[in-house]
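Heads up: the structure comes next, in structure tokens.
What follows draws every value from the coordinates through simple rules; no lab data is involved. It should be emphasised that the depicted structure is a prediction, and the values quoted were computed from it without experimental measurement. A quick note on method: Cβ atoms are made from the backbone with ideal geometry, for glycine too, and the neighbour counts reach across all protein chains shown.
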Number of protein chains: 2
Amino acid sequence: MSPKITTELLKQLRQVMKNPKYVQEPVQAYIVPSGDAHQSEYIAPCDCRRAFISGFDGSAGTAIVTEQHAAMWTDGRYFLQAAQQMDNNWTLMKMGLKDTPTQEDWLVSVLPEGSKVGVDPFIIPADQWKRMSKVLRSAGHDLVPVKENLINTIWTDCPQRPCKPLITLDLSYTGVSWRDKIVALRSKMAERKVMWFVVTALDEVAWLFNLRGSDVEYNPVFFAYAVIGMNTIRLFIDGDRMMDPPVREHLQLDSTLEPEFKIQVMPYGSILAELQAVGAGLSPKEKVWLSDKASYALTEAIPKAYRYLTPYTPICIAKAVKNAAETEGMRRAHIKDAVALCELFNWLEKEVPKGTVTEIIAADKAEEFRSQQKDFVELSFATISSTGPNGAIIHYKPVPETNRTLSVNEIYLLDSGAQYKDGTTDVTRTMHFGTPSAYEKECFTYVLKGHIAVSAAIFPNGTKGHLLDSFARSALWDCGLDYLHGTGHGVGSFLNVHEGPCGISYKTFADEPLEAGMIVSDEPGYYEDGSFGIRIENVVLVIPAETKYNFKNRGSLTFEPLTLVPIQTKMIDVNLLTEKECNWVNEYHQKCREVVGAELERQGRHEALRWLLRETEPLARVQ
Amino acid sequence: MSPKITTELLKQLRQVMKNPKYVQEPVQAYIVPSGDAHQSEYIAPCDCRRAFISGFDGSAGTAIVTEQHAAMWTDGRYFLQAAQQMDNNWTLMKMGLKDTPTQEDWLVSVLPEGSKVGVDPFIIPADQWKRMSKVLRSAGHDLVPVKENLINTIWTDCPQRPCKPLITLDLSYTGVSWRDKIVALRSKMAERKVMWFVVTALDEVAWLFNLRGSDVEYNPVFFAYAVIGMNTIRLFIDGDRMMDPPVREHLQLDSTLEPEFKIQVMPYGSILAELQAVGAGLSPKEKVWLSDKASYALTEAIPKAYRYLTPYTPICIAKAVKNAAETEGMRRAHIKDAVALCELFNWLEKEVPKGTVTEIIAADKAEEFRSQQKDFVELSFATISSTGPNGAIIHYKPVPETNRTLSVNEIYLLDSGAQYKDGTTDVTRTMHFGTPSAYEKECFTYVLKGHIAVSAAIFPNGTKGHLLDSFARSALWDCGLDYLHGTGHGVGSFLNVHEGPCGISYKTFADEPLEAGMIVSDEPGYYEDGSFGIRIENVVLVIPAETKYNFKNRGSLTFEPLTLVPIQTKMIDVNLLTEKECNWVNEYHQKCREVVGAELERQGRHEALRWLLRETEPLARVQ
């Protein structure tokens, strides 16, 4: 990887930072955040402004350019990559290290007195604006919104914002019509006494209208906003995709409807003006509900006294609890996904010893098998196909420069998933195609114990996911091992593979309580730098549990694995498992046999079926 | 318990709320918080203003009186007690219930437009002021500081503020001299670039100067503030106790000292004026460090731009990590405490069957045995001596109206502790003096499993205590049982029995990471309303652990029990324990035998020794 040469670009940026055509007053610093105007985790190429200006294209990072300096803040996952992709114009600010200043503190230390710090108000979330602005102001500087994005002014070959056709989802997939979702949303709005709700997150717009898109890779979403009033629905979206007859029919755009369900379609770019008009027309006590992560621009459109901000929107919370149709869809998707992986692992078992399979080939083969399944749409994230030392890089993605050949001497870790029209998958399996060492088996077995501890945990209704995180670590901790990532994240239903408001992490303190119908991942791991990586990940559904005393009718919850892919028994040191854990593995494998076995049979995939049967032989504990 | 009649008092309070002698402008509401000017958990009688005005004397509660209403906010521990102690003038606001308004929201709903809400600025913490003030202002009201405490103006027989003699602690108890503590504090101040540090918490003043007092029951502290500059030390304290020769010598008040260690003694009441003088004399970049829980009055004395506020002060953090002298003192204190409890339980075993021992008699007897031990000072909190259904009241304290007789048919729960000059204890044991039911044993055993899961937990250096909380609940959760309190709190060294900044609780998100030398309690429980309560509590020391792989030199931690009192084996259903848990109990009891047995022997307490030996017979698991 050679760094991007940014000398000329930075010179141009510094010029526009002083150009009265773009800024009211010159700005002495310009912030280039990672995100798009919707605070998306995955962004479209046209929004990769930070990568454009710096060369660093990891998923998280903020660039700040002053007249003298250019600095990049990113976290531990990306220290190495950022250092390789950026040239000497850039200083890497390693977040999480003790001596690394915050962006605000750094700005205060380098700026001349009374400086202006510019940022695109559509890209910076309101909560972050507030924090930065406060620190800068107390040091005599000003954070100022710069209407025109300054990167766009110098990015001559900036790609167009995507505007791809939409997919409509009928009731068999969604379980609830968009009209009923609007009704439920309005009842939540009435409860909180708000008159308007602004939908800014792309997956929330998609979920609300039972539409999907492909404007952003891996996430089946489309660029849009919505503003829901008690009697009006406004959808801000561009392109002739709204001319598509199925879409018009789905949204009943040409039907005679009660006025409160009539959708007004407006241009994507008109959201700010429309919201300002809403803001200007509010009478006292008429509140407007926004996520506290909505952009500063949209938040400011509503006068402060009228804003109602929450960390999680009612759509975010409703979306997390899957209904019967969604749950059944997720089950189907996971069975198809398991069929594809049985095919893959059977193929790898035969091919790896020949020394011809690279990480990229394996990833492509996984995609090929998945794409053969019904309703396959695309992958749900970039496949992590990693062998040997590459497995220890938690967010690894094979590229030609790093591409390693799978062998019978190294552990192989595959973290992959897909979007099917009926559900989203995300599964990690760690395999050895030769003979694992005793140490590798030991580590794998601790990770498995952690996986089972979470998956089999029983807990009272109302428990937050972060309270389960340590269960996944206990077996590792006992031996002085740990992993430096969370244990699980929410998973969407044919939507984003990472979604709020629940999760299982030592870092997640603002998570909402788990409830039946929520879907999260369970993915403890262990990483030995320079040697190997282990992770065992299932997507699991929160379900009611049967307990002896049932928490005085408060109710009990536990998890049911949706992922049904064998866990390689060759990697397990059976003597480290308790009887209960051993039974868990055997019951899990029995279910894989029954459910996935039947589907392999139905699809006539007999060789993969034989592989499945071999891989799901019961474990026998030596007493 | 009959309620306090408050009609006349409320009338008087409402008069002074309008009396220009006390308020600049009439206030339409007056807030009476629980605390004192130091945000102490335990307060002196002269600070029990909320109890005076309402009758409700629980440890937590805030009263608000308006012209029409009188309302009391308290939490679940006190719903019953508050309802019993308050007359019909008062509305009980049950915190934690969904429909209970916050104090701010309630004020907004009942106040006439443009109201003034008064509060004593010395009693309300700055962070709470900020929150309330913001909400009130946005609704058109004003939170205003009322200099003279309005309760004091009507409390004619208000007790005097205590001003009792001080105890000096030499190096054999503290391990570090006050001079060295000042040096360490100043180095923390230099690190953060602050020029002044204001000590507002009573236990922090006591710890810093290696002094103890008895101004507040159970907490060996004294009323004082301190302001530490880089070259000055000011101690704000009243009374002729500073004339006491040992105190003068301890503080070297009459010695020729380097000026930076010369303590200026000033009147307690002069803190505000002195701090205002400090605030007025600051040059740019001279910051003053305060706890964000310091009173509004003291916080306001420093202009906003010069304040440096943190949730935990450097003293709070330093105090939590006990040095070798303190740890040894804590060990000694716990051995003496165990001797007293062996005596008590031996005595109870003989006396309970006679039907003559009440909860109060048992509590008194526990105090009697403790007071026979060397360096005993006082109890460390009000003894929770509870039998049968009283055991299910988590913060129960026996009073004549509730006093129950111990019997061979009910579970007895004793949660008690003492202050010794060398350490603070806090221990809970749950006993049955007859034959426990299978269900009682089952519940007890789950609680024990939770206690062991925490006590034996191994975790990486830097882990926060709240990540261990679920370990204590897992066995209960598996059967659909739980308890509604945290699992552990920090414990002072001959100081407050509850101290920050660490703890083990699902509620504690702002806790500091555990480190070797910290001391916390481990106290899971189970409570069956109307029937019984179970809790097993040890005080445990955080120590380095030996692990196979040692977290890549990050280091491992675990706990060592300081409390060495037998856990009643009669209550254990051995078949519910794993082999590892069984061994833990047997090793723990072996240590009780060796360490406490030797001390009982030394003190010639042969009968109690025989009891200890009987109670620590190894468990045998039926395979």
Checklist entry - If we count other beta carbons within 10 Å of each Cβ, what is the order of A:Arg473, B:Arg307, fewest first? => result B:Arg307, A:Arg473
Next on the checklist: Full-extension gain between A:Glu587 and A:Val176, please, as 0.36 nm times their residue separation minus the C-alpha to C-alpha distance.
Outcome noted: 144.6 nm
Item to check | Highest to lowest packing among B:76-86, B:410-420, scored as the average C-beta count within 10 Å | outcome: B:410-420, B:76-86
Checklist entry - For the range B:32-147, rounded, prolate or oblate, judged on the Cα gyration tensor with a ≥ b ≥ c (square roots of eigenvalues), a/c < 1.5 rounded, else prolate if a/b > b/c? => result oblate
Checklist entry - Under a point spin-label approximation (7 Å from Cα along Cα-to-Cβ), what is the B:Ala324-A:Asn152 distance to one decimal in nm? => result 6.7 nm
Item to check | Cβ-Cβ FRET estimate between B:Lys304 and B:Asp529, R0 fixed at 51 Å, reported to 0.05 | outcome: 0.60
Next on the checklist: Checking the table B:Lys147/B:Lys293; A:Lys464/B:Lys548; B:Lys449/B:Lys591; A:Lys98/B:Lys507; B:Lys322/B:Lys552; B:Lys293/B:Lys507 against a 24 Å threshold on Cα-Cα, which pairs fail?
Outcome noted: A:Lys464/B:Lys548; A:Lys98/B:Lys507; B:Lys322/B:Lys552
Checklist entry - Can you list the lysines whose alpha carbon is less than 18 Å from that of B:Lys374, not counting same-chain residues fewer than 8 positions off? => result B:Lys336, B:Lys365, B:Lys421
Next on the checklist: Taking 37 °C and 0.692 mPa s as the conditions, I'd like the Stokes-Einstein D for the range B:127-277 in µm²/s, using the Kirkwood hydrodynamic radius from alpha carbon pairs.
Outcome noted: 186 µm²/s
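Pulled fully out, how much extra length does the chain show between B:Lys354 and B:Gln84, if you take 0.36 nm times their separation in residues and subtract their Cα-Cα distance?
On the way: separation 270, 0.36 × 270 = 97.20 nm, distance 3.28 nm.
Stretched out fully, the B:Lys354 to B:Gln84 stretch lengthens by 93.9 nm.
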Next on the checklist: I'd like the distance between the alpha-carbon centres of the range A:253-304 and the range B:421-473, rounded to an integer number of Å.
Outcome noted: 54 Å
Item to check | Chain lengthening between B:Thr102 and B:Glu607 when straightened (0.36 nm per residue, less Cα-Cα) | outcome: 176.3 nm
Checklist outcome for this item: Shielding of B:550-557 by other chains, given as the mean Cβ count within 10 Å, works out to 3
Item to check | Dipole moment magnitude, nearest 20 debye, chain B about Cα centre, only Lys, Arg, Asp, Glu C-beta charged | outcome: 1220 debye
Checklist entry - For A:Pro303, which inter-copy label distances result when the label point lies 7 Å beyond Cα on the Cα-to-Cβ vector, reported in nm to one decimal and in ascending order? => result 3.3
Checklist entry - Using a label point 7 angstrom from Cα along Cα-to-C-beta, what distances in nm, from shortest up, separate A:Glu217 from the other copies? => result 6.9
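Run the numbers on the range A:29-178 and let me know its relative contact order in percent, using alpha-carbon pairs under 8 Å that are six or more apart.
Relative contact order, the range A:29-178: 23 percent.
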Checklist entry - Å³ per residue of the Cα convex hull, for the protein assembly as shown? => result 189 Å³
Checklist entry - Could you give the nm distance between label points at B:Gln68 and A:Met243, where each point is 7 Å from its Cα heading toward the beta carbon? => result 6.2 nm
Checklist outcome for this item: At R0 = 25 Å the Cβ-Cβ FRET efficiency linking A:Ile5 and A:Thr402, nearest 0.05, sits at 0.65
Item to check | Ellipsoid semi-axes in whole angstrom, largest first, where each is sqrt(5λ) of the Cα gyration tensor of the range A:465-565 | outcome: 25, 17, 13
Item to check | Inter-chain Cβ neighbour average for residues B:481-487, partner chain, 10 Å | outcome: 2
Checklist outcome for this item: Membrane-span-like helices (DSSP H runs, Cα span along own axis at least 27 Å, mean Kyte-Doolittle at least -0.5) in chain A -> A:324-351
Next on the checklist: Students often forget the sequence filter, so: which aspartates and glutamates lie under 19 Å Cα-Cα from B:Lys580 once same-chain residues fewer than 8 apart are removed?
Outcome noted: A:Asp478, A:Glu579, A:Glu581, B:Glu442, B:Asp478, B:Asp522, B:Glu546, B:Glu560, B:Glu617
Next on the checklist: Could you sort the peptides B:60-73, B:331-344 by per-residue average Cβ neighbour count (10 Å cutoff), highest mean leading?
Outcome noted: B:331-344, B:60-73
Checklist entry - In chain A, what % of DSSP beta bridges are antiparallel (nearest 5)? => result 70 percent
Item to check | For the range B:167-319: relative contact order, % (alpha-carbon pairs under 8 angstrom, 6 or more apart) | outcome: 23 percent
Next on the checklist: Tell me which of A:Cys582, A:Pro162, A:Tyr22 sits at the most positive position along the dipole axis of chain A, charges placed on C-beta atoms (Lys, Arg +1; Asp, Glu -1).
Outcome noted: A:Tyr22
Checklist entry - Over what distance in Å are the Cα centres of the range B:354-402 and the range A:74-153 separated? => result 59 Å
Next on the checklist: Using the Karplus curve 6.51 cos²θ - 1.76 cosθ + 1.60 with θ = phi - 60°, what ³J(HN,Hα) values do you get for each residue of the range B:289-299, in whole Hz, with x for Gly and Pro?
Outcome noted: 8, 9, 5, 6, 9, 4, 5, 4, 4, 6, 5
Checklist outcome for this item: Given backbone amide H placed at 1.01 Å from N, residues whose amide H is under 5 Å from that of A:Leu557, ignoring those fewer than 5 places away on the same chain, are A:Phe459, A:Asn461, A:Ala545
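Neighbouring Cβ atoms within 10 Å as the yardstick, rank A:His451, A:His606 fewest first.
A:His606, A:His451
Relative contact order for chain B: what is it in percent, counting Cα pairs under 8 Å that are at least 6 residues apart?
10 percent
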Checklist entry - Measuring from a point 7 Å out along Cα→Cβ, what nm distances, shortest first, does A:Arg602 have to its partners in the other copies? => result 7.5
Next on the checklist: What distance in nm separates the two pseudo spin-label positions at A:Ser270 and A:Lys552, each 7 Å out from Cα along the beta-carbon direction?
Outcome noted: 5.7 nm
Item to check | Using a Förster distance of 45 Å, the FRET efficiency for B:Arg192-B:Ser59 (Cβ separation, nearest 0.05) | outcome: 0.85
Next on the checklist: As a test of the formula, what do you get for chain B when each DSSP H run with n ≥ 4 contributes -39,500 (n - 2.57) and the sum is divided by the residue count, at 222 nm and rounded to the nearest 500 deg cm²/dmol?
Outcome noted: -9500 deg cm²/dmol
Checklist entry - Counting partner chain Cβ atoms within 10 Å of every residue's Cβ in B:473-479, what's the average? => result 6
